[in-house]
Amino acid sequence: MSTNTAQTLYTQPQTSELEQFLYHEADLLDNNDLKSWMELFTEDGTYWMPVARDQDDPHGHISILFENRAVMAVRANNFGHRLSASMEYDIRTSHLIGNVRVTEFDENSGDCTVKSNFQAVLYYREQTLFAGTCTHQLKRQGEGYRILQKRVDILNCDAPHRSIMTYI
Amino acid sequence: MTTATEARNNIIARQQQTLGHSNEELTSLVEKDRVHRDVYLDPEIFDLEMERIWGQAWVFVGHDSQVKKPGDFITTTIGKEPVVMVRDKKGEVNVVYNRCGHKGAKVVGKPCGNAQMFRCPYHGWTFQLDGTLNATPHKCGYEDTAFDPADPQFSMQKVARVENYRGFVFANLSEQGDDFETFMGAALETIDNMADRSPQGEVEVVGACLPYFHDCNWKMFFENLNDAQHPMVCHGSVGVATKKTVRELPEGTPVPKEVEIISPFGSSYELFDDMGVTVMENGHSFMGGKHSIHSSYSEIPGYMEAMIESHGQEKTERVLGSNRHNTAIYPSFTIKDAVQIIRVVRPVSVDKTLIQTWHFRLKGAPEQMLHRTITYSRLINSPASMVGPDDWDCYARMQESLRSNSAEWVDMRRYIGREESADGLTRAKGTSDLSMRNQYKAWTNYMTQTSEQEA
Ligand SMILES: [Fe+2]
């Protein structure tokens with residue numbers, strides 16, 4: 001990019017624009033539409049839910065979830081499958097997102113990192129509340145964005161959980 | 001002076017008088033091909049198990065790489081007993097009860113850390129790293145009270161026996177019973193195999209554990225470890241979903257590395273029958289041997305070379321030629337030598353069990369080996385995986401519906417009478433219920449044979 005001195009620079013997006021993106025993403029999850037949801041990710045995009053506070057390595061350290069597009073596709077094909085014992089029960093989520101703020105912005109690429117706080121209720125056999133911080137690394141693509149990584153730090157990341165049946 | 005072992009034996013003796021479970025009644029819960037549902041449902045039986053199985057067996061505590069430096073500690077439980085595993089200033093690994101010798105408060109609250117000395121946060125009694133009482137504040141109050149600081153009842157007492165085998169620390173709350181190697185039998189080879197898969201012959205724990213709460217009796221988790229009748233049914237979807245995903249890949253896309261880990265969970269009855277199940281004394285068992293669901297993983301560059309350089313061709317072939325799946329060391333521990341993962345059973349109550357998954361680095365091996373270990377665990381063992389929750393759900397279903405008064409027994413007869421014994425090991429086809437029958441043989445032994453009867 002640095003070679004193209006004549007290039008127009010991006011201006012930092014309004015928080016409201018990013019909020020709309022995050023709401024849309026959460027809405028796809030709340031509708032169990034995993035196929036459309038995974039399309040929001042870049043081809044090398046990942047979803048990451050660490051097991052430790054301040055975890056910096058998803059490869060050499062265990063995580064609750066760290067999934068690429070290939071595993072997301074398996075999950076979408078597995079979701080609600082009649083041959084899965086655990087999938088006989090309904091899986092429902094409801095996300096509430098707030099405190100949206102841009103923590104990094106690159107005016108050359110238009111890419112940005114957005115943090116938000118969330119509370120998400122997962123209903124699967126019983127109701128469970130998850131809360132914490134999301135970090136979205138967003139790649140500018142034309143008029144919109146795609147997700148390079150969604151990192152979900154839940155408050156009780158290191159606590160024993162029961163089954164977590166879908167993405168938070 | 002009352003030691004921890006004496007106190008425990010007194011409790012067992014009292015229970016035998018007060019609880020409504022004579023040895024005859026306990027024996028009657030286990031028949032050769034079925035068990036009574038009460039073994040999973042009755043809280044009194046759970047309490048007896050904690051005393052008689054978890055109080056008499058060698059139970060996995062931790063790995064010594066979790067306490068590398070003097071003062072490093074972890075806290076955990078052995079049955080219902082809170083314990084601390086700590087490396088002292090001489091470099092020894094101790095396992096002491098996490099109970100203050102004063103008023104009985106839990107001394108160490110954190111899951112892990114480093115301490116010069118333990119100090120009870122309630123009244124400030126301090127303890128050395130081997131649990132002995134160091135000092136009590138404001139000593140004058142104990143003058144003329146016959147207070148003896150050397151009396152073990154005032155310390156954080158040591159558990160009866162501790163064994164550190166290639167870094168794997170097991171403890172036994174009882175002075176009596178088999179020594180560690182006798183207890184382990186051929187299961188010890190699995191620990192050796194995992195350690196020998198390191199070019200340096202050493203493994204170390206990497207990172208935090210993955211904890212998973214199960215709404216079931218601890219034995220359901222344990223019985224599932226070598227249950228090969230369930231994968232093709234219970235995990236039926238994930239194999240199908242994986243195949244579908246591979247079919248849907250755009251032409252020319254390489255098959256994702258995750259596929260070789262997930263796919264075997266959809267294998268046929270025949271494949272699991274061929275893997276076979278092997279059982280031994282004390283309730284231990286494993287599946288596979290020569291081949292298992294881990295046999296056909298792709299090779300990681302540099303690993304073979306590093307192994308052959310340290311161990312030589314012959315030993316390398318022998319070590320890597322052994323592929324056991326889930327060596328279950330009754331009652332607390334299961335190990336996947338070929339994937340460098342252990343899962344530890346921590347019973348909480350009759351219908352609640354904590355499973356902790358720990359991951360190991362093969363010292364001297366390429367880092368991609370660890371990455372595969374981590375990927376495997378996320379895909380198979382995580383509470384958010386597409387495999388573990390299917391098992392979880394089936395245990396919860398059993399825990400729920402065994403309450404039904406329509407029947408009292410749980411069946412375990414598959415392939416009974418068709419096992420073969422040689423060299424102290426008994427083998428059967430993989431989908432046999434042999435490992436479960438073998439666990440209940442051990443269960444009956446522990447439950448009806450207490451330390452003082454042996455003594
Ligand atoms: Fe399973």
Open item on the list: What aspartates and glutamates does B:Lys68 reach when the alpha-carbon gap must be under 20 Å and sequence neighbours fewer than 8 apart in one chain are set aside?
Closed with: B:Asp88, B:Glu92, B:Asp130, B:Glu163, B:Glu202, B:Glu204
- [ ] Specify the angular offset, from 0 to 90 degrees and rounded to the nearest 10, of the alpha carbon long axis of helix A:69-78 from the longest principal axis of the alpha carbons in chain A.
- [x] 30
Open item on the list: Among A:Glu126, A:Glu39, A:Glu88, which one shows the highest mean-square fluctuation when chain A is modelled as a Gaussian network with alpha-carbon springs under 10 Å?
Closed with: A:Glu126
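Given charges of +1 on the Cβ of Lys and Arg and -1 on the Cβ of Asp and Glu, with all other atoms neutral, how large is the dipole of region A:15-154 about its Cα centre, in debye to the nearest 20? Spell out each step's value before the answer.
Details: 14 positive and 22 negative charges, 77 e Å.
In total the dipole reaches around 380 debye.
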TODO: May I ask for the distance between the Cα centers of region B:271-332 and region B:71-138, given as a whole number of Å?
DONE: 37
TODO: With everything on Cα atoms, drop me the angle between helix B:367-380 and the longest principal axis of chain B, reported from 0 to 90° to the nearest 10.
DONE: 90
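Contact order normalised by length for chain B, with contacts defined as Cα pairs under 8 Å and 6 or more residues apart; what percent is it?
Values: 866 pairs, mean separation 94.3, N = 455.
Over chain B, the number comes to 21 percent.
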Task: Sequence-distant residues sharing a close amide H with B:Phe360 (under 5 Å, placed H) - done: B:Val206
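Can you tell me the mean projection area, over all orientations, of the convex hull of region B:62-165's alpha carbons? Units nm², please.
Values: hull surface 27.1 nm².
That works out to 6.8 nm².
Calculate the dipole size of region B:62-165 relative to its Cα centre from +1 charges on Lys and Arg beta carbons and -1 charges on Asp and Glu beta carbons; express the result in debye to the nearest 20.
Details: 14 positive and 11 negative charges, 82 e Å.
It comes to approximately 400 debye.
Hey, got the dipole for chain B? About the Cα centre, +1 on K and R Cβ, -1 on D and E Cβ, debye to the nearest 20? List each step's numbers first, then the result.
Numbers: 48 positive and 62 negative charges, 232 e Å.
The dipole magnitude comes to about 1120 debye.
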Task: Under Karplus coefficients 6.51, -1.76 and 1.60, residue-wise ³J(HN,Hα) of region B:422-433 in Hz, glycine/proline x - done: 7, 6, x, 10, 10, 10, 8, 4, x, 8, 5, 8
TODO: For region A:51-58, just list the computed ³J(HN,Hα) in residue order, Karplus coefficients 6.51, -1.76 and 1.60, θ = phi - 60°, integers in Hz, with x standing in for Gly and Pro.
DONE: 9, 10, 5, 6, 5, 10, 10, x
Open item on the list: Please list, ordered by chain and number, the residues whose modelled amide H lies under 5 Å from the amide H of B:Thr77; skip anything fewer than 5 residues away on the same chain.
Closed with: B:Val83
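Quick one: net charge of B:Ala228's neighbours, Cβ under 14 Å, K/R +1, D/E -1?
Local charge sum for B:Ala228: -3.
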Open item on the list: Using each residue's phi in region B:305-318, evaluate 6.51 cos²θ - 1.76 cosθ + 1.60 at θ = phi - 60° and report the 3J(HN,Hα) Karplus result to the nearest Hz, with x for Gly and Pro.
Closed with: 4, 5, 5, 5, 4, 7, 9, x, 4, 5, 5, 4, 5, 5
Open item on the list: Under the rule of at least 5 residues apart or a separate chain, name every residue whose amide H is placed under 5 Å from the amide H of B:Phe333.
Closed with: B:Val345
Task: Isolated Cys in chain B, by beta carbon distance under 4.7 Å - done: B:Cys112, B:Cys140, B:Cys209, B:Cys216, B:Cys234, B:Cys394
- [ ] Work out which GluC sites (Glu not before Pro) in chain B are exposed loop sites (DSSP not H, G, I, E or B, at most 16 other Cβ within 10 Å) and give the longest gap free of them.
- [x] B:300-407
Open item on the list: How large is the translational diffusion coefficient of the protein assembly as shown in µm² per second when you combine the Kirkwood radius over alpha carbon pairs with Stokes-Einstein at 20 °C and 1.002 mPa s?
Closed with: 81
- [ ] State log₁₀ I(q)/I(0) for region A:15-154 at q = 0.14 Å⁻¹ as given by the Debye formula over alpha-carbon point scatterers of equal weight, solvent excluded.
- [x] -0.69
TODO: Quick one: of B:Lys90/B:Lys363; B:Lys244/B:Lys363; B:Lys315/B:Lys441; A:Lys150/B:Lys244; A:Lys115/B:Lys363, which pairs are farther than 27 Å apart, Cα to Cα?
DONE: B:Lys244/B:Lys363; B:Lys315/B:Lys441; A:Lys115/B:Lys363
Open item on the list: Over 5 Å intervals from 0, what percent of Cα-Cα pairs in region B:167-278 sits in each interval?
Closed with: 2, 8, 10, 12, 17, 19, 15, 9, 4, 2, 1, 1, 0
TODO: Taking the Cα atoms of chain B, report the difference between the largest and smallest coordinate on each principal axis, in whole Å and largest first.
DONE: 86, 55, 41
Task: For region A:98-153 and region B:382-443, distance of Cα centres in Å - done: 43
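Read-outs: derived from the displayed coordinates by stated rules, not from any lab. Here the structure is a predicted model, which is why all the values come from computation and not from measurement. Every residue, glycine as well, gets a Cβ built from its backbone with ideal geometry; the counts of neighbours run over all protein chains shown.
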